[in-house]
């Protein structure tokens, strides 16, 4: 039997047989994110000065099917130490697509978190991006449009902090092979 990674407590099974995992938090000065396990994936909430700014929407609302959820379906999280501090790395999948994500303090902006997402796709997506509830309104960050040969890797990035949430250019380009 193997033990869980040193940075994470083991999963706990509730009487109903559902898996429960302890929350995982990360902060960059005044801005923080907390990942909580819900059903079969991690949700997260971004806060500034302890006040919720945005909560990820994970469902398949607005006619989206399970292959193209509203936000990346993250199922595994881990932490790693980087040059800018602690970062959270995540992976997941939906349909035939595989997702990866990193959340870390923004290297050039204090009190700001940088979210970098990638998805390996094998077919044109019906929807690809991240969706949040911000004060009762849905806010979507769409991934760049895909064109050309498949399979392909699509990348999108955004920052969250005291100035709100905004799209930023992906660190390694918008689309890869």
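Side notes on the structure shown:
- Residue exposure sequence - 102, 83 - by fewest surrounding Cβ within 10 Å: 83, 102
- Distance between the 7 Å Cα→Cβ label points at residue 122 and residue 75: 1.5 nm.
- FRET efficiency estimate (nearest 0.05) - Cβ-Cβ, residue 168 to residue 83, R0 25 angstrom: 0.85
- Of the residues 139, 165, the one with the fewest other Cβ atoms within 10 Å heads the list, and the complete ranking is 139, 165.
- For 68, 156, the sequence from fewest to most other C-beta atoms within 10 Å is 68, 156.
- Residue separation of residue 150 and residue 55 scaled by 0.36 nm, minus their Cα-Cα distance, works out to 31.0 nm of gained length.
Values in this text are rule-based calculations from the coordinates and carry no lab data. Treat the numbers as computed from the prediction; the structure is a model and nothing was measured. FYI the Cβ positions are ideal-geometry reconstructions off the backbone, even for glycines, and counts take in every protein chain you see.
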